[in-house]
Amino acid sequence: MRRARSLTLLILAAGVCAVLTWSGFAPVHSESRDRIFEIPKGTWARRMSGHNVEILPDHIRLTLGLRDILVLRNHDDVPQIFGPTLMMPGQSFELPFEQASEYQFACTAHASGQMTITVDPYPASPWARITWRTRELLSQLKDSSGTS
Amino acid sequence: MSTRLLTWVVALGLLTGVAAAGTATRAPAFKAGLFSPARLAPDFSLQGSNGQELEMSQFRGRVVLLSFGYSSCTAVCPITLATLAQARRQLGPAATAVQVVYVTVDPERDVPARLQSFLHAFDATFIGGTGTAEQLAAVRKEYGVSAQKIPYGDSYTYSHSSFTYLIDRSGKIRALMPYGHSPDDYVNDLTLLLKE
């Protein structure tokens, strides 16, 4: 019984080590470098009817070489202040970043009046890769729970 | 035998191509953020720093760099204007087809003469625009520009949008360059727009 438990723990530890090793040393790549935010159709009407509609977070994290193009799309029927700019209905805006830094934008869509975009350097070290993969996983889980 | 070898070579080539396409990175030619589709820059009629009427439509045929700020700004505006001036210098003769337009958010202090003097410290070709508070607020609304007056001792400052619009020869807002980009980035994008 005790031996079986030890074996299970050993297998689990080996599994964790294997995942961490893979996360830290396997090269990172991204299918798309876009980080997309969209204003759905009917957003303005929902806001006018008193709903609190938050589409663009006041802090966005991007990563050079992997996810470094901010894409904003307005699918609504009216112009919208979206992030740093005014977007017409049906218009999209693609903003590439080439330097790791923290960028501040005036954004009247947020209570603070500010939007911050943190652009992290390309994850070159094993620890940076693990962090990036974890963040991507959490982001995908968050997105999928938000859309389900 | 040679047919089989050829098949393998072709298959390997296709696989390599697919793999390369899958990992290919998009290299945006523009350094600024691009709008798609581009919309016509809203026209306005303001008082120009040169004493004449200033309308956006008068610059059709030239590439316009449109920025908003105020002459008492000590943080953002001097850096933006110095960057634009440097970019024009780097462009050389092509700069004649580039017009910098700077619209004030501070109608109280930025009378045409003051704007002129402020702008000419950077580049004598820069043109400023001023007007009544209502006129300027209407222009800002059309361009999605924010400006907030902040009391500062006996005086005041402004918190304002710090980006620069890039407007093409046909008068369309093609791109938005956030604050902090280098003159080289402007030269890159202006060169692309001037070639069109």
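The values are calculated or read from the model by the stated rules, or taken from the named source; none is laboratory data. Because the structure is a prediction, the values reported are computed rather than measured. With ideal geometry, Cβ positions are generated from the backbone for all residues, glycine too; neighbour counts draw on all protein chains shown. Side chains are part of the model used for accessible areas, which takes the heavy atoms of the whole protein and leaves out ligands, DNA and RNA. Shrake-Rupley method; radii C 1.70, N 1.55, O 1.52, S 1.80 Å.
Whose amide H sits under 5 Å from the amide H of residue A:42, counting only residues 5 or more places off or on another chain, with H placed in the peptide plane?
Answer set, sorted by chain and number: A:77.
If packing is taken as the mean number of other Cβ atoms within 10 Å per residue, what is the order of A:60-72, B:31-43, highest first? Please report the intermediate quantities before stating the final value.
Values: A:60-72: 19.8, B:31-43: 17.6.
Most protected by this proxy first, the peptides run A:60-72, B:31-43.
When the expected Rg is taken as 2.2 N^0.38 Å, what fraction or multiple of it is the alpha-carbon Rg of chain B?
After normalising by residue count via 2.2 N^0.38 Å, the value is 1.37.
Using only Cα atoms, find the angle between the long axis of helix A:2-25 and the longest principal axis of chain A, and express it within 0 to 90 degrees, rounded to the nearest 10.
Long axis of A:2-25 versus the principal axis of chain A: about 50 degrees.
Grab the DSSP H runs of the protein assembly as shown that are 4 residues or longer, score each as -39,500 (n - 2.57), total them, divide by all residues and round the 222 nm result to the nearest 500 deg cm²/dmol.
Computed ellipticity for the protein assembly as shown at 222 nm equals -11500 deg cm²/dmol.
Assign one of three labels to the protein assembly as shown, namely rounded, prolate or oblate, based on the Cα gyration tensor with a ≥ b ≥ c the square roots of its eigenvalues; rounded applies when a/c is under 1.5, prolate when it is not and a/b is larger than b/c, and oblate otherwise.
It is prolate, given that a/c is not under 1.5 and a/b is the larger ratio.
Please state the shape class of the range B:32-82: rounded when a/c is under 1.5, otherwise prolate if a/b exceeds b/c and oblate if not, all from the C-alpha gyration tensor. Before the final figure, lay out each step's value.
Working: a/c = 2.34, a/b = 1.15, b/c = 2.03.
Since a/c reaches 1.5 but b/c is at least a/b, the shape of the range B:32-82 is classed as oblate.
Give the shape of the range B:55-132 as rounded, prolate or oblate, defined through the alpha-carbon gyration tensor: a ≥ b ≥ c are the square roots of its eigenvalues, a/c under 1.5 means rounded, and otherwise the shape is prolate if a/b is larger than b/c and oblate if not. Intermediate results must be reported in sequence, preceding the final value.
On the way: a/c = 2.16, a/b = 1.37, b/c = 1.57.
The shape class here is oblate.
Tell me, what is the per residue accessible area of chain A in Å², probe radius 1.4 Å?
Values: 8970 Å² over 148 residues.
Roughly 61 Å² per residue, with all protein chains present.
When the distances between all Cα atoms of the range A:55-125 are binned every 10 Å from zero, what whole-number percent does each bin get?
20, 47, 27, 5, 0
Roughly what angle does helix B:2-23 make with the longest principal axis of chain B, taking Cα atoms, 0 to 90 degrees, to the nearest 10?
In chain B, helix B:2-23 runs at an angle near 20 degrees to the longest axis.
When the Karplus curve 6.51 cos²θ - 1.76 cosθ + 1.60 is applied with θ = phi - 60°, which whole-Hz ³J(HN,Hα) does each residue of the range B:121-135 get, with x for Gly and Pro?
Per-residue couplings from phi come out as 5, 9, 6, 5, 8, 5, 10, x, x, 9, x, 6, 4, 5, 4 Hz.
Tell me, for the protein assembly as shown, which Cys residues have no other cysteine's C-beta sitting closer than 4.7 Å.
When partners are defined as cysteine Cβ atoms under 4.7 Å apart, the protein assembly as shown leaves A:17, A:107 without one.
Report, in degrees rounded to the nearest 10, the 0 to 90 angle that the Cα long axis of helix A:126-147 makes with the longest principal axis of chain A.
Taking the Cα atoms of chain A, the angle to A:126-147 is about 50 degrees.
Taking the Cα centre of each part, how many Å lie between the range A:34-77 and the range A:93-135?
Between the Cα centre of the range A:34-77 and that of the range A:93-135, the gap is 15 Å.
Show the residues, 5+ positions off or on another chain, whose built amide H is closer than 5 Å to the amide H of residue A:62.
Excluding prolines and chain starts, which carry no amide H, the hits are A:118, A:119, A:120.
Counting only DSSP beta bridges with both residues in the protein assembly as shown, what percent are antiparallel, rounded to the nearest 5?
Working: 41 of 62 bridges.
The antiparallel fraction comes to roughly 65 percent.
For residue B:121, what residues show an amide H to amide H distance below 5 Å, using hydrogens built from the backbone and excluding near sequence neighbours?
Result for residue B:121 returns nothing.
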